[in-house]
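A quick write-up on the structure given underneath.
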Amino acid sequence: MRVAARTAELETLNADLRREIGVRHDAEVRTLQQLERLDFLRRITRAIAERHDLASIFQVVVGSLEEQMPADFAALCSHERGASALVVSHVGARSETLAIELAMSPRAQIPIDQNGLSRCVAGEQVYEPDVQDVKYPFPQRLASGGLRSLVMVPMREQGEVFAVLVVARREPRAFSSGECEFLRQLCDHVALAANQAKLHSSLQQTYEDLRRTQAAVLEQERLRALGQMASGIAHDINNAISPVAVYVDAILEHETGFSARTRNQLEIVRRAVDDVAQTVARMGEFSRRRPAQSELQPVRLDRILREVLDLTRARWSDMAQHRGIYIETRVESSADLPVVRGIESELREALVNLVLNAVDSMPDGGKLTLRAGQSPATGSGPGRVYVEVADTGAGMDEETRRRCLEPFFTTKGDRGSGLGLAMVYGIAQRHDMQIDIVSAPGAGTTFRMTFPPAVPDTKSPGAAPTPKIPKRTRILLIDDDPLLLDSLRDVLMDEGHEVETAGGGRAGIDAFLASQRAGSPFPVVLTDLGMPHVDGRAVAASIAAAVPATSIIMLTGWGQRLVATGEVPPHVVAVLSKPPNLSELRHTLAECIGERDGG
């Protein structure tokens, strides 16, 4: 009896021991699984911490779940607030084939149904042990691909769900509570990493914006300094070429003993001086997009084409023949070609650059054609006027043709600056002209610039006659450039005027006040604007304060800018640009003092 009791007791103890061992074994297994999940979570967290963009973070997550959880299907879907569908953003590499079968490839949309997806988007983790038992579109879609169990975990940012992790297996009830908890913790870490990635991206974008702003400020400062330097250079160049312009004008008007060839050469010099003046004037005004309508004047293209050939003769004739090559030139223009409106010097400058470019493309000689014409009329109006420069040179491939107008793009190596055709493009833009380029390797190049439709001139057809300037008009010239003073004085004195000069603003004011006290005042004063110590504004103010009736004319290299910006100094009745044009100077003097003196 005692033995049986003892045996039963031992059996009970053994059973308890076996149960304890089982409990301990299960606990050990769960502990090992938990440690494996923690290690897995640590490895994923470290992997995503090394990345700073959402795309790579999401791809690491779905790839790691496929390989190490493991999962038969893993995808991440993005969600926008208020949207009625999820958008698949990333799918694991092993899930791509199944994703195509389920129509869940990246960028595919998944409508949010009224069961699991809607609860997940609301912030709830969803576990479906067997999707075949769930009669909603999305679970049934997964079931059609052989998947049975499903876990969907939301990712939150500031309380809003921005993504949903979808993990599925082929076996039903395949996810334990520990795995579901692991997925929840993983999504919390991923959401934190995603938020950090967004902050990093935002910080990087802010840094880039700051860098661009700083670069823009530095560029603006550089351009401002360049503009100031250009203004100073323009002033000096205008002063240097002004005596040339004045004397050439005087020679062409008064000297008659020159041959036709010499007179033609002098006219080319005069046009070249005008073009230099216009180019220099634009140095300080390169920010202007289009010329003012008042600057556009009637231009005859046939005359400009012949002038361009004369200006470039040294390149296509003399220098070419020196190299032993011959370039044939032609000008084609109809006699009834309409007059266009533009800035003559700019159009001539653009055509000169096109001609020089064409000559460079014909190192072995060829044919250069300058052509002006008019396209056929259409039902909406007359045909447009165009001007072409065509050569039979090397031509351009499509890439070069497409990029040739870009600044600093050149195929000439160290010989080219890449600014010639870019300047042509800028002039065309300012004139609202269209540029067409036809070229092919070995077939030459044709540049065509088409003018916009002509705008009817609303000015009255009859111009008022210019009054004559009274002889022996007393004129005071004020400038800090002695060469310009001497040339203007010589020309005006040859025309019968009494001229006195002053080499600066202070000397000019003193000379004017002295003549006023002597009883022989100057009815007209021509003064420069930029002078040391006392500039033209101070001169005009002082003279107007002494004798308000004095006609003050400002002669300056910044004349166009003063008129265009409305910065003409008070008391100044007219502004003329340097280098001075004698006919314009006479016209201005007549308007200022002719009628008043005659009255």
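Does the stretch 313-353 come out rounded, prolate or oblate, given a ≥ b ≥ c as the square roots of the eigenvalues of its C-alpha gyration tensor, rounded meaning a/c under 1.5 and, failing that, prolate meaning a/b above b/c?
Oblate is the answer for the stretch 313-353, as a/c is 1.5 or above yet b/c matches or exceeds a/b.
Counting Lys and Arg as +1 and Asp and Glu as -1, each charge on the Cβ, what is the dipole of the stretch 484-531 about the Cα centre in debye, to the nearest 20?
Magnitude of the dipole: close to 300 debye.
Length gain on complete extension for the stretch E67 to Q321, per 0.36 nm per residue less the alpha carbon to alpha carbon distance?
Taking E67 through Q321 to full extension adds about 83.6 nm, to one decimal.
Taking a spot 7 Å from the Cα of A93 along the direction of its beta carbon, which residues of the stretch 54-68 have an amide N less than 19 Å from it?
Under cut-off, by backbone N: 55-68.
Quick one: Karplus J couplings for the stretch 420-437, per residue in order, coefficients 6.51, -1.76, 1.60, θ = phi - 60°, nearest Hz, x for Gly and Pro?
Once rounded to whole Hz, the list reads x, 6, 5, 5, 4, 4, x, 5, 4, 5, 5, 9, 6, 8, 9, 10, 10, 10.
What are the ³J(HN,Hα) values, in whole Hz, obtained from phi via the Karplus relation 6.51 cos²θ - 1.76 cosθ + 1.60 with θ = phi - 60°, for each residue of the stretch 519-530 in sequence order, with x given for Gly and Pro?
x, 10, x, 8, x, 9, 10, 9, 10, 6, 8, x
Zone of I435 (label point 7 Å along Cα→Cβ, backbone N under 16 Å): which residues in the stretch 345-379?
Flagged as within label range: 346-359.
Starting from the Cα of S259, step 7 Å along the direction of its Cβ; do the same at E171; then give the gap between the two resulting points in nm.
With each label placed 7 Å out from Cα toward Cβ, I get 11.1 nm.
Could you work out the Kirkwood radius for the stretch 299-428, taking every pair of different alpha carbons, averaging 1/r and inverting it, reported in Å?
15.8 Å
Using the Cα centre of the stretch 96-141 as origin and beta-carbon charges of +1 (Lys, Arg) and -1 (Asp, Glu), tell me which of Q140, S118, T97 is placed farthest towards the positive end of the dipole.
Checking the options against the dipole of the stretch 96-141, the answer is S118.
Can you list the residues, at least 5 places off or on another chain, whose amide H is less than 5 Å from the amide H of T501, using H built in the peptide plane?
Placed amide hydrogens put L477 under 5 Å from T501.
Residue separation times 0.36 nm, minus the C-alpha to C-alpha distance between L13 and I100: what's the value?
25.5 nm
I want to check the label-to-label distance for R330 and E181. Put each point 7 Å from Cα in the C-beta direction and report it in nm to one decimal.
Between R330 and E181, the simple spin-label model gives 9.3 nm.
Where does the charge balance sit around L337 when Lys and Arg score +1, Asp and Glu -1, over other residues with C-beta under 14 Å from its C-beta?
Its environment carries a net charge of +2.
Suppose R0 equals 25 Å. What FRET efficiency, 1/(1 + (r/R0)^6) with r the Cβ-Cβ distance, do L296 and T213 give to the nearest 0.05?
The formula returns an efficiency of 0.10 here.
Hey, can you grab everything whose amide H is under 5 Å from the amide H of I327? Only 5+ residues off in sequence or another chain; H modelled, so Pro and N-termini drop out.
G366
Suppose R0 equals 45 Å. What FRET efficiency, 1/(1 + (r/R0)^6) with r the Cβ-Cβ distance, do A240 and T206 give to the nearest 0.05?
After rounding to 0.05, the efficiency reads 0.35.
Could you compute the FRET efficiency for L252 and R402, with r as their C-beta to C-beta distance and R0 at 45 Å, rounded to 0.05?
0.50
Every read-out reported here was derived from the displayed coordinates using simple, explicitly stated rules and does not represent laboratory data. Since we're looking at a predicted model, the values are computed, not measured. Cβ coordinates were reconstructed from backbone atoms using ideal geometry, including for glycine residues, and neighbour counts include every protein chain displayed.
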